[in-house]
Each structure stands twice: as structure tokens, then as C-alpha cells.
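Here the structure comes first, spelled out in C-alpha cells, and everything after it is commentary.
The values are calculated or read from the model by the stated rules, or taken from the named source; none is laboratory data. Not measured: the values here are computed from a predicted model. No Cβ is skipped: glycine too gets one built from the backbone with ideal geometry, and neighbour counts run over all protein chains shown.
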Amino acid sequence: MKTTLNLLMNEIDDFYRNIEESSFIPKVSPTEIRDHLHSHYDFTEPVDFKKLFKDVAGMMRKWNIHVTHPRYFGLFNPAVKVASVVADALVALYNPQLATWSHAPAANEIEQFTLKFLLSHFGFNPDTSVAHFTTGGAEANLSAVIVALTEKFPDFETKGLRGVPSQPVFYISEEAHHSFHKIAHITGLGRDSLRTVAVDSSLKMDSNDLIKKIKYDISLGHTPFMVVGTAGATSSGIIDELPLLADICSEYDLWFHVDAAWGGAAVLSPRLKPFLEGIERADSITCDAHKWLSVPMGAGMFFCRHQQALARAFRSTAIYMPQAVQETSDFYLTSIQWSRRFIGLKLFMTLAELGRDGIIQLINHQTAMGEELRDLLRKNGWAIINDTPLPLVCFTHERIDKGEISTRFIIDRLYEEQKVWISETCLMDKMTVLRACITNYRTQQRDIAILVDELNKLVCR
Ligand SMILES: *Cc1c(COP(=O)(O)O)cnc(C)c1O
């Protein structure tokens, strides 16, 4: 067994040490991988474990984009702290069952302890609010819609949408995450029940358009029930005017959900927290530890002010399940999942190992690297399109605007060169721009300089 475990230890050590040397943007066809699998495995004869390990680790290295590389400026996929990797291995080893408190008291309490810390940072009362871990932001957003429907429409719980006298409708901005379209479908609300509110010139939800759409829906006899504000939009990193949205929600008696899947981590930094003002007035919040807090997927979190509504939304009775223990809650009764992995340990161990200053440094360093990138791009003639304090930069160049060179061409060349990974996105449905996000606590000035160098080479005449 020791030999087997050493394989893992060496792999972890070697990958952390040598990630910068590895090529990290693979060019591989599905056929190449399928042929490899078919020629090596058929699950008939047992495979020697050492050989198996080497082969699998090799495939992981060779045929995945390494999102933990310091020059992956990508899609909210962080570099992971080694504490969180070890935590996930411990979870696999003990395999605690978090469905009920009584099956995993230690694990349940560690999670609640961690979530209460975040609840207070969000400005919620940790004693009266509730929170749980989810697979990710999409599940947390789904939870929000289900709990909001349960709270706002008393018959929804038993009769479903057929028991709701008029069509419930809810609102996101053009910059919001697209999981809400699927959620509208999954919940039976229907995709047409989701209203997309325009954004203003700074890409924030346009509150005038929101009010206009709410009034129009009411005039048609529909029932608005929820507004989703975004704190750190996926394309642009924009934070909506949360206090304004909170006001509108109180005026029209709507559930106020803040999707802070990536940006929520900013509340841990005293410097950034003011930018999320208004989040403390939300009815519920989505935040992913696997976006900015340097832990592996999936570690979503759902925070909610309404304990009763949550308990109603996910209630159940199952004779085979262990009895509840006083003053604790069982996650199979307060969340979508049933059997549940100990998701929270990797976050607990990461935060505990870092300590307050380390946590602030983790957030602030990445933010500073974002500023560094903005400055360097501007100095080199690039134009920054988005205005956010968070480390996500959308940018373009006059040669792109003039149609002399396309963002696609730039992206493809960058991937070929294997030195940096960035993406492109479309803002306001019309403007294609380049997008680079700092997601790695190990990204340094040097990496930013390489990125801008590579970009400059491609646009120079
Ligand atoms: C990533 C993201 C989501 C979806 O979260 P997953 O963890 O990928 O399920 C939702 N909202 C926003 C704003 C996001 O950035």
C-alpha cells in the first residue's frame, strides 16, 4: 500500500513543482484518446496498479488544459492549494455520509463552522440564516429559485405551478449566468418566464428597464417573484448596483437573489468588500469556493435568510433514514442532494491554513495582478472595455475594431504558442472582446508581462 500511496505523493509534488514547464494547452482529437483507451483497457484482465497510475497520470498531464497553470487566464477555474487537495483525499478515504448529522457529526459541524464564517462576512446573521454546500453555482441558483417559489406561492409546495394562479416570472440581466435559463426549464416555470433585463453602458442591470419590465408583467397579469443580481458577471466581472436592486425588490415584494459565484469571495478582503455593498440585503446568495478560493471543484455554497422556506422546499420523510438529533439539521432535508460528499473540508482546511492575513492576501494578490494587467494593456495601446474592481479584464485593440484582425485569430494563435490561455466573449450581444481573468494565486507580474508580450506580437504590423 505504501508504494501505491507514494505514487500519489510524488505526482502531487512533481505537478506543483513543474507545472510551469509542462505544455498546458493540449491539441488532441477524440479518436486519439479513444484509441489509446481501447488499446490499453477492456476491464477483462487486471492491470498492474503502478502501470495504471503512470498511464492515467500521463493522460491527465497530456490531454487536459491545465487550469492551475499560472498563465491560464481563464474561466474562474482556480489553482488549488495543496491543503485542499489533501482535504479531498481525506474525504475520499473516510467517505463520510453528510445526508444526516448523526452519520457524520464531525463533518457536519466542520461545514457549518465554515459556512457561518462566510455568512457573517456576507452580513447575514449566522444564527438565524442557513447555508449548505452544493455541487456548484448552478445547483445553488436552482436552490434559490425553488426556495423563492416555495416562499412566494403557498400552493407551489403541494400543487406545483398548477396551483399558482398566474404565471410567475423572474428577472436576470443580460450579463447574468446562463444557468438560469436551464433552471427556468427544470423548475417547470418554462424558459419564457425568465425576463432578461437590459444593461446600462457600464454593463450593470439597468434598473429603469427592470422596473419597466416588472410593471409590464404585472399589467399582463403575471406575478413577478424574484430578481437575480450578479456580483462578478461571468463574461465581464461586473457587479450590479445591489442596493438599488434590493430597494426595487422590497418595493415590489420580490425575492432578491445575488449570484456571487465568483465575486462573492471578495467579501473576505476589506479592500474589496465595499464593492459588494447591498449583498447583506439579499434573501439568498450563491458563492462558489471552487471559483476564487483556490479549492477543487465542486464546492458551491447556498446562503439563505429564510430557514422555514428552505425547510419546506426540501422536506421529506423516509423511514429508513436515521433520526434527527436535537439542535442539528440533516442536509437531505434542507438541500437538493441526498447522499452527500464532505464538500466543505477542502475549504475549511484552506482557510484555516491561510489564516486571516493569508486569505486577504490570496484575494488581494489576484486583484493586484488584474490591475497590473489592465495597466500594462493600456500602456501597450489596448483598450479596456469593462469597469470592475475584480481581476477580470475585457479588452480590445483598434486593429480588432477595424476588422483587420479577429479575436478568434488571436485566440487560436495563442493556443498554438502554448504560452498563455485566454478566451473571447461577447458583450451587450454585439461586441466581441478578449477576456483574461486572474484565477491563480501563483500568477506573478512576469506571467502578466508574457501575456501582454504575446498579444502585442499578434497585433503588431
Ligand atoms: C460559474 C458561475 C455559475 C455556475 O456555477 P457552477 O459552479 O459552474 O455550477 C453561476 N453564476 C455565475 C455568476 C458563475 O460565474
How do the helices (runs of 4 or more DSSP H) wholly within the range 114-195 filter down when requiring 1 or more residues that are more than 16 Å from the ligand (Cβ to nearest atom) and at pLDDT 95 or above: which remain? 137-152, 156-159
Give 401, 357, 375, 447 a once-over and let me know the one that is over 23 Å from residue 231 (Cβ atoms) and in contact with a Pro (Cβ under 9 Å, 6 or more places away or on another chain). 447
Quick check on residue 310: is it buried (at least 24 other Cβ atoms within 10 Å of the Cβ), away from the ligand (no atom under 16 Å from the Cβ) and either within 18 Å of residue 133 (Cβ to Cβ) or not aliphatic (A, V, I, L, M) (or both)? yes
Report the residue count in the range 66-91 for those that are among the hydrophobic types (A, V, I, L, M, F, W, C), more than 16 Å from the ligand (Cβ to nearest atom) and outside any helix (DSSP H, G or I). 1
Subset of the range 41-94 [free of Cβ contacts under 8 Å to residues at least 40 places away in the same chain and under 30 Å from residue 351 (Cα atoms)]: 60, 64, 92, 93
Being loosely packed, with under 12 Cβ neighbours inside 10 Å and not hydroxyl-bearing (Ser, Thr, Tyr) is the filter here; which residues of the range 38-55 pass it? 38, 42, 43, 45, 46, 48, 49, 50, 51
Where residues in the range 206-236 are small (Gly, Ala, Ser) and within 25 Å of residue 304 (Cβ to Cβ), which of them is farthest from the ligand (Cβ to nearest atom)? 207
When residue 366 is run through (1) within 16 Å of the ligand (Cβ to nearest atom); (2) closer than 17 Å to residue 99 by Cα; (3) in contact with a Phe, Trp or Tyr (Cβ under 7 Å, 6 or more places away or on another chain); (4) of a type outside the set (D, E, K, R), the failure sits at (2)
Just to be sure I understand, how many residues within the range 390-448 are in a loop (DSSP other than H, G, I, E, B) and either in contact with a Cys (Cβ under 6 Å, 6 or more places away or on another chain) or among the basic types (Lys, Arg) (or both)? 4
Looking only at the range 83-120, which residues are surrounded by fewer than 21 Cβ atoms within 10 Å (Cβ to Cβ), within 21 Å of the chain's Cα centre (by Cα) and of a type in the set (S, T, N, Q)? 112, 120
Please enumerate the residues belonging to the range 363-381 that are aliphatic (A, V, I, L, M) and in contact (Cβ under 8 Å) with a residue 24 or more places away in the chain. 363, 369, 373, 376, 377
